[in-house]
1. Can you go through 15, 94, 11, 26 and tell me which one is over 20 Å from the mean Cα position of the chain (by Cα), within 30 Å of residue 200 (Cα to Cα) and more than 15 Å from the ligand (Cβ to nearest atom)?
2. For the range 216-251, how many residues meet the condition of being of a type in the set (S, T, N, Q) and within 9 Å of the ligand (Cβ to nearest atom)?
3. Return the pair list, or none, for Cβ contacts closer than 7 Å from residues in the range 162-179 that are within 16 Å of residue 198 (Cα to Cα) to residues that are among the polar types (S, T, N, Q) and crowded, with 16+ Cβ neighbours inside 10 Å, at least 6 apart or on different chains.
4. Which one of these is modelled with pLDDT of 95 or more, aliphatic (A, V, I, L, M) and within 21 Å of the chain's Cα centre (by Cα): 36, 112, 70?
5. What residue, among those in the range 370-395 that are more than 21 Å from residue 411 (Cα to Cα) and surrounded by fewer than 16 Cβ atoms within 10 Å (Cβ to Cβ), is farthest from the ligand (Cβ to nearest atom)?
6. From 52, 71, which residue is crowded, with 20+ Cβ neighbours inside 10 Å, within 20 Å of residue 97 (Cα to Cα) and touching a residue at least 24 places away in the same chain (Cβ under 8 Å)?
7. Within the range 289-317, track down each residue that is in contact (Cβ under 8 Å) with a residue 60 or more places away in the chain, outside any strand (DSSP E or B) and touching a Lys or Arg at 6+ places or on another chain (Cβ under 9 Å).
8. So which residues in the range 11-27 are in contact (Cβ under 8 Å) with a residue 24 or more places away in the chain and closer than 20 Å to residue 57 by Cα, if there are any at all?
Amino acid sequence: MPVAHASENLLDASLFPSEQGPPHRLFDKWRQTDPVHWNPSNPDYVNPMPGSSGVRGFWVLTRYKDVLDVSMDQNRFSSFENSIVVWDFEGGALERQRANFMSMRPADHAAVKKVILPPFMPRALAGISPQIDRLAAEIVDSVARRGECEFVFDVASRLPVYTFCELMGIPEHHREQVADYGNALADVESRSSHSSDPTVGLFVIAQELAEEKRRNPDSHLMSAMVNDRTLNLDDDAINQFFLVFAMAGHETTRSTAAHFVNLMNLYPDQYAILREDFDKHIDNAIDEVLRFTSTTTNFTRTAMADTEIGGCAVKKGDKIYLSYAAANRDPTVFPDPDQFDITRVNAKRHLAFGAGPHICVGARLAKMQLRALLKQIVTRIPDIHPVGEPEWLRSIWFNAIIKMPVAFSAEQ
Ligand code: HEM
């Protein structure tokens, strides 16, 4: 198959920074003319993923219905067969991917999911809600009198890191370190420039924590994982589980908060609507920001047989790229999709949390954190605005702002 020009190839880590987000001009074109689009391997792409043999290429789905249908059908489109990311893995490296909760054999995935779900259910979340509100207030306390700060790390990343640590039962003295590793983890494309591999550091903490929870079981998630008699997870599975949560719960929530503040400044009319009645609009506004930005822009599946998607043939073993970002701008579902509209009636139909058996388990928790943090921001430092252009992460995976200096009227 032909090699596409780099700027038309999703394997180009400079695409997101240059377009300030996912390349919607490409997604829109493909959705209209080539909705199951072959993205070939890119010889210029330097593979940064440890253990991966490279990227052979993949089919990009840009229609909402196709992304949804494939996400719902684990029999035909597997999360287990060849990981859930564009990078390919073989042998031991593939086995390590499969130890990850998100890529387990369906029966094992269902069993683990049963054990980890309770803390994410509404009643448990209601229990930690006051703590999250308190922390959100403390985070804004720490910057409100300064009149300026760097929003991503001084504000947005702190709540998800704290929440992850609370959920797992990670003691205070490890929290800064977990935050640093979590940040480095999302930065896949420049990982080689970090002094140490964040996965190794997180595995050390995971094993220490697992040991502690075996000795002293408690009500935290890590304790449930290591002490559940039905699961019998080995060290690899525990490490991978810890890694998934360190990454899944952190960078995504942090980026959505940063996008929120940025968008409210780009669309002052929308911000005015929100400020008029915060409680009425905030939930829909969060969904609209998720739809509009799709911080986790994609995951992948592997076709288990020669089959078709939306009338287009795919072969057994082919990788399928679920473009949540493209699906969330499909005009057949979201009229005028490039319009940012916090009153959009069906904003919550977005696929930013995925769909089907692997739908994000942390979606409610993420929204709860965002609501708590944004309430503090919008009510206490409402004129917050970026100073200069925000900086985007070099990534083929995350639509993330990684630096956004902001200014606001200091709280007296
Ligand atoms: C705005 C924030 C978030 C976004 C955009 C997001 C996005 C996603 C997406 C797209 C998936 C689907 C993966 C797939 O289909 O293969 C997913 C799964 C997952 N997310 Fe999130 N996530 C967010 C927050 C969180 C939080 C706060 C947590 C936990 C603390 C979390 C934990 C997980 C886990 C464990 C899975 C795997 C579910 C499975 O495979 O069954 N996420 N997330």
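1. On the way: 15 fails: over 20 Å from the mean Cα position of the chain (by Cα); 11 fails: over 20 Å from the mean Cα position of the chain (by Cα); 26 fails: within 30 Å of residue 200 (Cα to Cα).
So the residue among 15, 94, 11, 26 that is over 20 Å from the mean Cα position of the chain (by Cα), within 30 Å of residue 200 (Cα to Cα) and more than 15 Å from the ligand (Cβ to nearest atom) is 94.
2. Filtering the range 216-251 for residues of a type in the set (S, T, N, Q) gives 216, 219, 223, 227, 230, 232, 239-240.
Retained after the next criterion (residues that are within 9 Å of the ligand (Cβ to nearest atom)): none.
The number of residues fulfilling the criteria is 0.
3. Close Cβ pairs satisfying both conditions: 179/157.
4. 70
5. Looking at residues that are more than 21 Å from residue 411 (Cα to Cα) and surrounded by fewer than 16 Cβ atoms within 10 Å (Cβ to Cβ), I get 388.
6. Numbers: 52 fails: crowded, with 20+ Cβ neighbours inside 10 Å.
Of 52, 71, the one residue that is crowded, with 20+ Cβ neighbours inside 10 Å, within 20 Å of residue 97 (Cα to Cα) and touching a residue at least 24 places away in the same chain (Cβ under 8 Å) is 71.
7. 290, 291, 294, 295, 304, 305, 310
8. Once the filter is applied, which keeps residues that are in contact (Cβ under 8 Å) with a residue 24 or more places away in the chain and closer than 20 Å to residue 57 by Cα, the range 11-27 yields 11, 12, 13, 14, 15, 16, 22, 24, 27.
The values are calculated or read from the model by the stated rules, or taken from the named source; none is laboratory data. Small disclaimer: the values here were computed from a predicted structure and weren't measured. No Cβ is skipped: glycine too gets one built from the backbone with ideal geometry, and neighbour counts run over all protein chains shown.
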